[in-house]
Amino acid sequence: MAEDDDIEVEESASIAEAPEILHPRENPLLLGHDAPEAALLQCFNAGRLPHAWLVTGPRGIGKATLAYRFARFLFAEGASGGGGGLFSAPATSLAVQPGHQAFRLVATGSHPDLLVVERAFDPKRKRQRREIVAEDARAVGEFLHLTSSQGGWRVVIVDGADLMNAHAANSLLKTLEEPPKQTVMLLVSDNPGRLLPTIRSRCRTLPLKPLGDGAMAELLQRYRPDLSREDGTVLAQLAEGSIGRALELAAGEGISIHNFIVNMLDRLPNLDSELLHGFAERMARSGAEDSFSLLTELLPAEIARRIAAATAAQGGRARNLAGRRSLDQWVSLWEKLTDLFAQAEGINLDRKQVVLNAFFALEEAAR
């Protein structure tokens, strides 16, 4: 009994010491996006701040973090419109100290001059909606008809702007056409091509690039110091510059599934049948849905990387992408596997058989 108590204490201590991953509204840290921050500062200091910005880039790289960072900055500046003055120096950073009132109010979601629009919770289905609906977007117009509570800027953040349905998009468009003074709207989007062209044309685009190796390494060390350097390198490669995605993979079975995939592909065309069947059974168990989804993402991605490597080598072999198949045939197989996984997710195919079929098709292709 004493041994069990000791184990529980050790686990509790480990959980308590785990680094906290902050919501973007609470996060004072932004790495790897100096150029977008400089663009915002330049417009502010010049006194020519566009009323609407479309913040774009891959998911999980810090777009929402930048949006909240800029909102805090504007609130901290108060009624200043930028452009400096006779006795004021230009702002050199968007950073606001965590002890500042503007930071605390934004972090707790209670700043009266900030409205955040995102997918709402659906009480009927008891889950988050798949899209932003008209009711959510209409709140923007109602909010902006009010005067500023603190006599300064009002900020609207639309987090996931490309998830607006047609009614929501048209409602927001009306506000973009006639924005009130001292208002900034920040539309955060992973996929701006899904937005109405009329919305895009009324915003200044602020593109964010995937994080570089240095920023990824620093953030992984900060949030997951328990990871080995090798695992951190693998996560950074898999996440392709998205710290959000890297942390998701680390929290799940991303590393172990990737290692299994690499092991199997490196064995082609001689798969370890016993190892493969054991893995397939694991993916088919109840509760393994998230792990299976990871597999359906990571396997095609690894094959695509090897095809790209082989192409760069002008048709040379790339880590066992070999056999009688040409690169075009490997691309065709990659497409078939992608379709197979999509069907498995859509119509509940037997997960074990899907895994086996995928790897057996790869084995046959490599012979």
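The values are calculated or read from the model by the stated rules, or taken from the named source; none is laboratory data. Since the structure is predicted, the reported quantities are computational estimates derived from the model, not experimental observations. Cβ: placed from backbone, ideal geometry, glycine included. Neighbour counts: every protein chain shown.
Selection of region 225-240 for residues being assigned to a loop (DSSP other than H, G, I, E, B) and of a type in the set (D, E) yields D226, E240.
Can you tell me which residues in region 324-359 are in contact (Cβ under 8 Å) with a residue 60 or more places away in the chain and under 21 Å from I307 (Cα atoms)? Answer for region 324-359, where residues must be in contact (Cβ under 8 Å) with a residue 60 or more places away in the chain and under 21 Å from I307 (Cα atoms): V355, F359. The residues of region 251-284 that are within 29 Å of the chain's Cα centre (by Cα) and touching a residue at least 60 places away in the same chain (Cβ under 8 Å), listed by number, are M264, L265, F279, A280, M283, A284. Being in a strand (DSSP E or B) and among the charged types (D, E, K, R) is the filter here, so list the residues in region 156-195 that pass it. The answer is D159, and nothing else.
For R317, the conditions (1) surrounded by 18 or more Cβ atoms within 10 Å (Cβ to Cβ); (2) modelled with pLDDT under 90; (3) of a type outside the set (A, V, I, L, M, F, W, C) are fulfilled apart from (1). Does any residue of region 201-224 turn out to be assigned to a helix (DSSP H, G or I), touching a helix residue (DSSP H, G or I) at 6+ places or on another chain (Cβ under 9 Å) and assigned by TED's automatic domain parsing to the domain that holds A67? So far as region 201-224 goes, no, none of its residues is assigned to a helix (DSSP H, G or I), touching a helix residue (DSSP H, G or I) at 6+ places or on another chain (Cβ under 9 Å) and assigned by TED's automatic domain parsing to the domain that holds A67. Please go through region 117-151 and give me each residue that is aliphatic (A, V, I, L, M) and over 23 Å from S189 (Cβ atoms), ordered by number. Correct list: L146 only. The residue pairs whose first member lies in region 106-119 and is on the phi > 0 side of the Ramachandran plot and without any contact (Cβ under 8 Å) to a residue 40 or more places away in the chain, whose second member is surrounded by fewer than 17 Cβ atoms within 10 Å (Cβ to Cβ) and assigned to a loop (DSSP other than H, G, I, E, B), and whose beta carbons are closer than 9 Å, counting only pairs six or more residues apart or on different chains, do not exist in this structure. Anything in region 220-244 that is more than 14 Å from the chain's Cα centre (by Cα), hydrophobic (A, V, I, L, M, F, W, C) and over 22 Å from V262 (Cβ atoms)? List them, or say none. Scanning region 220-244 gives no hits. For region 185-233, the set of residues classified as at pLDDT 95 or above and β-branched (V, I, T) consists of V188, T198, I199, T205, listed by residue number.
Looking across region 149-187, the residues that are free of Cβ contacts under 8 Å to residues at least 60 places away in the same chain and polar (S, T, N, Q) come down to S149, N165, N170, S171, T175.
If the condition is being surrounded by fewer than 16 Cβ atoms within 10 Å (Cβ to Cβ) and farther than 23 Å from I61 by Cα, then region 174-202 contributes K174, E177, E178, P180, K181, L196, P197, T198, S201.
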